[in-house]
Amino acid sequence: MTVVSSELREQCVNTIRFLAADAVQKANSGHPGAPMGTADIAFVLWTQFMRYNPEDPQWVNRDRFVLSIGHASTLLYSMLHLAGYKISLEDLKQFRQWESITPGHPEYRLTPGVECTTGPLGAGFSNGVGMALAAKMTGARFNTKDTTLIDSRVYVLCGDGDMQEGVVSEAAALAGLWGLGNLIAIYDSNNITIAGSTKLSMNEDTGKRFESLGWHVQHCDGHNQEQIADCIRNAQNEFLKPSLIIAKTTIAKGAPTKAGKSAAHGSPLGHPEIQAAKEQAGLPNETFLVPDAVRKVFDQRKQENLEIYTEWNQTFKNWRNSSPDKAEQWDTQWNLKVPDDLLESLLKDIPEKKDATRNLSGKVMQKLSERLPWFVGGSADLEPSTKTLIDKETSILPASVASASLPDPSFAGRNIHFGIREHAMGNICNGIYLFGGWQPYCSTFSVFSDYMRGSIRLAAISRIPTVFILSHDSFWVGEDGPTHQPTEHTWVLRLIPHLKVWRPADTVETIVAWTQCLGASNSSAYAMLLSRQNTETIEQSETFDPAMIAKGGYIVSEPATSLQAVLVSTGAESGPAQQACKIINKKGTGIRHVSMPCLEQFLEQPEEYRKTVLPASAKIIVVEAGSTTPWYRYADHVIGRDDFGDSAPGELLAEKYGFTAETIAQNILSFLKAC
């Protein structure tokens with residue numbers, strides 16, 4: 001970077017501060033303190049170190065900037081505007097307004113240059129860990145001794161609130177374990193939260209905590225640009241450890257009466273305070289002011305980055321020409337290309353079998369791993385139970401734990417061991433997807449989706465196809481008792497918008513469910529609910545087309561007599577439901593069996609199809625081993641479970657709770673008789 005005078009540097013920093021403060025003031029809503037306090041950090045990072053191209057925001061080797069303190073969004077919007085992204089001053093003036101691209105917290109897909117949706121503290125930090133891991137994995141596949149295609153870094157700006165969230169410790173532990181030297185977190189340590197001083201709730205030595213987790217830790221004055229630059233430079237030269245830079249800052253730096261106070265955290269400063277701050281800085285009382293000299297500094301950095309971008313593109317072009325096979329692999333990876341014959345080949349290779357759907361899913365995953373090089377993931381220390389270990393692939397392991405009995409440490413592996421860290425696991429997988437070129441999955445027991453609901457919800461908000469594999473999906477877990485037996489969890493997940501919950505019943509449904517979760521065209525997150533116990537194979541006609549399962553709900557069998565009722569089943573309950581329908585039909589009551597592996601997918605079908613499957617003229621009955629109340633939006637009667645479970649063998653619980661074929665049939669006949 002060309003030398004910039006100290007006066008011009010200060011002018012740049014003040015421009016950032018007051019763009020943020022003005023945007024919050026105009027909206028009469030927001031958080032001005034953090035953007036004003038971190039303006040020096042952002043200026044140094046974006047004008048001296050960050051590699052980006054506003055004309056190609058998705059450049060694969062760009063550095064990623066993650067604003068984990070998402071409430072400081074006006075800082076990010078101001079930086080994107082100054083850096084040349086398609087965010088205008090008018091967009092800044094529309095901060096937090098209807099249909100603007102500058103919402104209260106950064107949103108992925110909405111705003112150019114925003115790498116991930118942030119706001120829930122700690123999520124952005126752990127997304128950053130996922131991005132850094134994905135960069136390492138991509139580099140391990142495509143970088144060579146002579147050509148480096150991926151050497152990007154991930155910069156995370158985090159704060160006191162992030163450091164108090166447990167998910168940060170979970171994610172930081174994994175980053176340290178993996179030795180993610182391409183991850184640099186800058187901690188805006190201003191010692192202020194909404195309630196006041198952090199002394200009210202925090203007295204730890206954060207630096208020592210991170211050192212114990214394997215991080216390289218530095219300290220600096222967050223308003224001393226030379227110190228900030230030195231720390232970033234040192235962090236860039238630390239290749240085997242992630243870096244934490246603890247920058248001591250003053251919240252609302254430059255505000256005459258509110259600097260350093262919690263009053264500047266989540267409320268506008270007020271016109272008098274902003275005016276006084278501008279006078280103190282020697283600036284005119286003009287809103288959204290960007291001096292020409294400031295624009296020139298950022299334009300200059302844009303040109304410097306354009307040279308880096310152009311050079312990379314030439315390297316990439318030369319590599320493509322000299323390595324056509326690798327180039328084809330690159331295209332497959334970055335486009336998440338799904339083979340056209342995937343469903344057909346899976347149906348051919350995996351025979352129907354009476355088995356637990358967790359086992360069936362595991363078999364599907366082995367085949368998927370052979371054909372989809374971009375399919376990667378792991379579990380929260382439960383892969384033997386969730387059946388998610390890719391048998392023919394190595395694991396990502398640090399050298400410190402590698403031994404003769406374990407694979408060599410390598411980012412070329414595809415099995416990720418997250419340990420018992422569900423919350424971080426979900427956010428890290430989201431970050432892996434957000435980096436690009438990977439579709440991740442992660443797994444745990446269904447009941448422990450409680451620990452990762454935040455990451456599942458953010459995947460759904462972001463509309464990214466992370467697959468959350470959740471096994472042991474009902475009271476059939478048995479002897480482990482109520483703490484491990486899901487009751488409400490299936491509907492808790494179904495109630496999340498843009499999350500498709502698949503609960504397959506047998507081999508074919510499991511295969512189809514997996515094919516629906518894959519590929520770059522998806523704009524939903526996915527939950528795969530799988531059984532621990534064996535399930536019955538659904539009896540289909542010889543002319544049945546498995547592609548019908550992709551509609552989310554379909555007719556399994558029809559009665560010989562006139563239709564009186566429809567029995568809808570999901571997952572493992574489809575076996576006894578199938579037998580119950582036979583019992584009921586033999587008694588002369590006409591009942592149709594419908595399997596509903598994915599309610600969300602079914603509700604997306606045309607109304608005509610839905611009415612054909614669930615006609616208004618018939619009583620709709622649902623059987624599912626879980627909460628019943630939400631089903632009454634669609635059903636007249638529900639056979640379910642609205643209480644916690646008990647510690648006993650699953651077969652006995654099914655008998656006691658009324659989920660055998662005989663008790664289901666009796667329940668339905670009694671209901672129909674009472675109608």
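You will find that of Ile194, Ile186, the residue that is of a type in the set (A, V, I, L, M, F, W, C) and open to solvent by less than 40 Å² (accessible area, probe 1.4 Å) is Ile186 and no other. When segment 212-257 is filtered for residues that are surrounded by fewer than 19 Cβ atoms within 10 Å (Cβ to Cβ), touching a residue at least 12 places away in the same chain (Cβ under 8 Å), under 27 Å from Pro32 (Cβ atoms) and among the charged types (D, E, K, R), the ones remaining, listed by number, are Asp221, Lys248. For Ile416, indicate whether it is of a type in the set (Val, Ile, Thr), surrounded by 24 or more Cβ atoms within 10 Å (Cβ to Cβ) and closer than 22 Å to Phe65 by Cα. Here the answer is no, as Ile416 does not meet what is asked. Only helices (runs of 4 or more DSSP H) whose full extent lies in segment 581-675 are considered here, and the ones with at least 2 residues that are charged (D, E, K, R), open to solvent by 80 Å² or more (accessible area, probe 1.4 Å) and closer than 29 Å to Ala560 by Cβ are 607-613, 661-674. Residues considered: Arg96, Arg153. Of these, the only one that is charged (D, E, K, R), surrounded by fewer than 22 Cβ atoms within 10 Å (Cβ to Cβ) and at pLDDT 95 or above is Arg96. For Thr543, which of the numbered conditions (1) surrounded by 20 or more Cβ atoms within 10 Å (Cβ to Cβ); (2) in a loop (DSSP other than H, G, I, E, B); (3) not small (Gly, Ala, Ser) fails to hold? Status for Thr543: all satisfied but (1). Can you pull out the residues in segment 452-486 that are closer than 27 Å to Lys363 by Cα, β-branched (Val, Ile, Thr) and either over 19 Å from the mean Cα position of the chain (by Cα) or at pLDDT below 95 (or both)? The one that is closer than 27 Å to Lys363 by Cα, β-branched (Val, Ile, Thr) and either over 19 Å from the mean Cα position of the chain (by Cα) or at pLDDT below 95 (or both): Val477.
Looking at segment 2-59, the helices (runs of 4 or more DSSP H) lying wholly inside it that each contain 2 or more residues that are in contact with a helix residue (DSSP H, G or I) (Cβ under 8 Å, 6 or more places away or on another chain) and farther than 15 Å from Ser73 by Cα sit at 6-27, 39-44. The single condition among (1) open to solvent by 10 Å² or more (accessible area, probe 1.4 Å); (2) of a type in the set (A, V, I, L, M, F, W, C); (3) over 16 Å from Glu304 (Cβ atoms) that Leu76 does not satisfy is (1).
The values are calculated or read from the model by the stated rules, or taken from the named source; none is laboratory data. From a predicted model like this one, the values you see are computed outputs, not experimental measurements. Reconstructed Cβ throughout: ideal geometry from the backbone, glycine too, with neighbour counts over all protein chains shown. Just so you know, the surface numbers come from the protein's heavy atoms only, side chains and all, with ligands and any DNA or RNA stripped out. Shrake-Rupley method; radii C 1.70, N 1.55, O 1.52, S 1.80 Å.
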